[in-house]
Each structure stands twice: as structure tokens, then as C-alpha cells.
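Enquirer: Attaching a single structure in C-alpha cells format; questions to follow.
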Amino acid sequence: MPEDLAGLPTHVAIIMDGNGRWAQQRGRPRLFGHHAGARRVREILKSCPDLGVKYLTLFAFSTENWKRTQAEVAGLMGLFRKYLEREADELFRSGVCVRFIGDRIRLDPKLVTLMDDLELRTAGNNLVHLTVALNYGGRDEVTRAAKRLAFEIEQGRLTHKDVDAETLAKFLDTRVLPDPDLVIRTSGEARISNFLLWQSAYAEYEFIDTLWPDFTAEEFARVLSEFAKRDRRFGAIRA
């Protein structure tokens, strides 16, 4: 674990990729890998306070993932329900504040109720802020934000002169969160897959070969230490 937290990211977002391939390498069904990936979430989340990570955002299910087989989608939704039921007490006791981003309309009402209840129950926690992106897509998020902004203009509460980047950001799902400092994608794929497009404008990226179920807290700490060596200028030039 890094001894000095200076320069480490406060907000880390992770595209948790590779569950299916991890399972297939072991001759098991893809859902077996998703269960292993859920267990890895617990380990990474637990490591966050010692690593100075105040905000952890996880890409759990995208708006494009509905294209997967009906069996896999149903299995994933069942896994999400079981995870929330099983982990709710521990998340609350551990001081984790849980939020969900994404469009909930297409989700099962029972799952949405569990999400709502967990958000309400953990709202007062502040050790780590865990955000789970569920039925989330960056373009979809910006589209929904633009619609809400347009409605405010139609109602006369805003005018077109009020619209700037800061105003639009207030209508995003992540409006109460700081932008991510670092985005990690596991499994060797080097793309961002429609994840936090607006928020990651100046984030650093790390694409690693490790499949998500094998991504340990030790490797997480190593990635964060490497991040601390980067020179982040946000478009400026060092004097």
C-alpha cells in the first residue's frame, strides 16, 4: 500500500471488464465470472480508505448490455438484487454512502426499490462514496440532462443565456460528485465504452490486462501509485 497519499486520486472510476472471459477460461458459464467479479468489488471497496480514495464509481451494466443473451441479462439482474440484499447491512456499517446512476425506467421495480432503500439508508455515510452505474450510458445521460434542461427553459425557470457547461452539469446523474481523476479499465480492452463521457474530460486513463475477477487490492494500489507520478496540467503548460 502507498505510504504517502499525496498525489493519489480522490475519485476513481472503474470499467469492470473481463468477467465472462475469466469464467470461460475455467470452463464455466459467464455468470460464474460475474459472481466472482461481485466478490472482487467488496475487496476493492474495502481498500479505498487506506488508499485515499473517497469516491469509487463502478460501471456495472451499460445501456448496451441489454443486447446480451436473455439468460445472461436475467442472471445479472438477479445478481444485482442478491448483492444489494446481502451487502446492504455491511455497506451501512462500514460508512459507505451508496448512489446509483443511470436510467432506472427499464429496471425491475423490485430492484429499483432495493436501490432506493440503500441510497436512503446510507445517505448519511461519508467514509467512501460508492456510485454504481446501472443501465448507464454516457450519451444517454447527457441526452436526459439536455431534456431536463430544455424543460426548465420551457417552464421559464431558465433562459438560453443561462446555459453553459456548469449549468448542464447540474442536470447530470453525477451532479453531486466530483469528476473522476482516474478511470481504470480491466481486461486489456482500450476503449471507454460510453462511460462518464462528460465527467472524464480531464481524467487520466489506465488500461490494464488483468481480468476484473483477478484485479486485487494490491494491483489497485500499484495503479494508484503510478497515477501519482503523472503530470496533470489540465490544458496548461508548466512554467
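Where a number appears in this text, it was derived from the coordinates with a stated rule and is not lab data. In this text the structure is predicted, and so the values were computed from the model without any measurement. Heads up, the Cβs are rebuilt from the backbone with ideal geometry, glycines too, and the neighbour counts pull from every protein chain shown.
Enquirer: Would you check which residues across the range 193-205 are surrounded by fewer than 18 Cβ atoms within 10 Å (Cβ to Cβ) and either under 19 Å from Gly37 (Cβ atoms) or among the aliphatic types (A, V, I, L, M) (or both) and list them?
Expert: Ser193, Leu197, Ala201
Enquirer: Any residue at all in the range 145-168 that's crowded, with 18+ Cβ neighbours inside 10 Å and touching a residue at least 40 places away in the same chain (Cβ under 8 Å)?
Expert: no
Enquirer: Scanning for something over 22 Å from Glu87 (Cα atoms), in contact with an Asp or Glu (Cβ under 9 Å, 6 or more places away or on another chain) and in contact (Cβ under 8 Å) with a residue 12 or more places away in the chain, does the range 127-138 turn up at least one residue?
Expert: yes
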